[in-house]
Structure formats: C-alpha cells, structure tokens
Amino acid sequence: MPFSESVRIEALVSCQRHCCLCHERVHTRISCHHIIQEADGGENTLDNCIPLCPGCHAEVKAFDPRHHPGMTSYRPAELLRRRDDWYQTIARRMRDLETNLNRSRVNIPSSPELSGEIDFDYSDYNGFHLIGTGLSEFMTRWSGASRDSIHSYTDKTNISIALAPPAFSLKDLSKVDSFNFSSRVRSPRLREFLVLENHHGRYGVIQILGLQSRSHGDNFDRVRLRYWLLEDGTADFTKFA
Ligand SMILES: [Zn+2]
C-alpha cells in the first residue's frame, strides 16, 4: 500500500520538496519512501515516510550490506534522524523568513496587486521592493548591473529565483517550476523574464522593461518592470499571454 494522500502532503510540505538527504529541491521528481519497507513490517505512517530525490532513493535502495563489505548502507535509524533534522531546518527557515518579512514589510515600498507595471529607484531601501500580498507575497531585491541588465538577489528575501531562457515570452512559461532556482543572484536583461518562487511555493514572473543606471551616465538608478503572480499554487503563466 502506498502512503495516504494526507501523509504524503504532510511530508512534502514539511520538506518543501527538498530531498531529506542531499537537500536538493527536486519539485515533481521527489518521492515518498518507506524508511522501514512494508515487506519488513513498515507502516504507511508519517513517521515511516522520508521524501527523497531519485538519486538518493536509488542509493538508499542500492544494495544489501551483507553482500557488499566495505560499503555503508543507510539504516532506518539514520534515515529517521536525517529526516527529522531536515524537517526542523525547513521549519526554522520558514520562521526566519516570516520574521524577516514582517520586520521589513513596514518600511519597504510595496505593490500589493497580483499583476502590474511598476517603476522604482533600486538604490533606495537596499534594493528591496515587495510585490503581491498574503501567500502570494514576494520580497524582491535588486542592484545595478548595466543599462541593459540588472542583478536580482535572494539574500534576506523569501524567494528563490530563476531566469527564463532568453527568447521566452509569457506563452512559453507553462512550467516555470522546472527552471533552475539554484543561485542567489540572477541578472535578467531587458525584455527577459525572471521567475520567482516564494516560501509558500507560489510562483511569479517579472519582465524587465526599462533600466537607468547612474554609474552608466543616467541621472537615476531606476527599473521599470511588469509582473504577474499566481495565487493558485500552479506554475503556468500562459493564461496571461
Ligand atoms: Zn537527494
């Protein structure tokens, strides 16, 4: 028997779809593994469930230690501890993000609408600008790069960021959760799309429309951008095209 839907959801939310062993975020490729196999009497409970990426899942199931002397297999007690430690790390990270968001929200300029075109000076407020509201709230952070590109950061924000391929438009953004969210800095150029995922797993996209840079001869450090945020937890922006 597989895990019930409620056990799976609880486990996936607790790890935020990061593998409990290597901590990579693997989105739809994560699977819920039995710590003690059902054949050995393992139950379909949350306590016996560990979310793993395909690579770690294969490692855990790879071999029987009795036939591979010198190799160290994963034992249930280790998997349990690794899983619990990781759930705690995720929970702590969520609390820190909420605290940070609450503390900073007060002073930082915000655009609460779920879509719109905005224009702001990215040298103010340490580059922070808040877009959206509620579960679809995204703290963005920026600094100047050039007249045709700008740096976006994840530091002290609640978001992960990815770049859409250069020629992409909204009609191509049907599965933004498959993009690469592994870096703390991305530098979209004019017309390109930056993809955001916040700590609630909601997605947004930003298109850079205009840039001014004091260090490149302009009188202001300004960015003009258009953004779209999804409230439903999906990663498909083609309906805005
Ligand atoms: Zn893994």
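Please treat every number below as a calculation from the coordinates, not as lab data. Note that the structure is predicted; figures quoted are calculated from it, not measured. Note: ideal-geometry Cβ built from the backbone for every residue, glycine included; neighbour counts use all protein chains shown.
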Revision key, fill the gap. Taking the convex hull of the alpha-carbon atoms of region 48-123 and averaging its shadow over every direction gives an area in square nanometres of 9.7 nm²
Exercise for review: Please list, in chain and number order, the residues 5+ apart from Leu21 or on another chain whose amide H is under 5 Å from its amide H, with Hs placed from the backbone.
Suggested key: Cys53
**Study point:** Proximal lysines relative to Lys171, as straight alpha-carbon distance under 23 Å, when same-chain residues fewer than 8 apart are discounted
**Key:** Lys239
Check your understanding: Helix 5-15 sits at what angle to the longest principal axis of the chain, using alpha carbons and giving 0 to 90 degrees rounded to 10?
Key -> 60 degrees
Revision key, fill the gap. Low-density loop GluC sites (Glu not before Pro), region 168-241, at most 15 other Cβ within 10 Å, DSSP non-H/G/I/E/B, are Glu231
Study note, to complete from the structure: A correct Karplus calculation of ³J(HN,Hα) over region 92-97, with 6.51 cos²θ - 1.76 cosθ + 1.60, θ = phi - 60°, whole Hz and x for Gly and Pro, returns 5, 4, 4, 5, 4, 5
Exercise for review: May I ask which residue of Ser110, Tyr87, Tyr122 lies farthest towards the positive end of the charge dipole of the chain, with charges of +1 (Lys, Arg) and -1 (Asp, Glu) on Cβ and the Cα centre as origin?
Suggested key: Tyr122
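Expressed as cubic angstrom per residue, what is the convex hull volume of the alpha carbon set of the chain?
Details: hull volume 35.1 nm³, N = 241.
So the per-residue Cα hull volume is 146 Å³.
Kirkwood-based Rg over Rh for region 5-102 (C-alpha set), two decimals?
Details: Rg = 14.6 Å, Rh = 14.3 Å.
Result for region 5-102 is an Rg/Rh of 1.02.
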Practice item. With springs only between Cα atoms under 10 Å apart, run a GNM on the chain and tell me which of Thr99, Thr140, Thr157 wobbles the most. Key: Thr99
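Please compute the alpha carbon radius of gyration of region 109-240, then divide it by the globular-protein estimate 2.2 N^0.38 Å. Two decimals is fine. Numbers along the way, then the final one.
Values: Rg = 13.6 Å, N = 132, 2.2 N^0.38 = 14.1 Å.
So the Cα radius of gyration is 0.96 times the expected 2.2 N^0.38 Å.
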Review point. What ranking, highest mean first, results for peptides 172-178, 127-133, 22-28 when packing means the other Cβ atoms within 10 Å averaged over each residue?
Key: 127-133, 172-178, 22-28
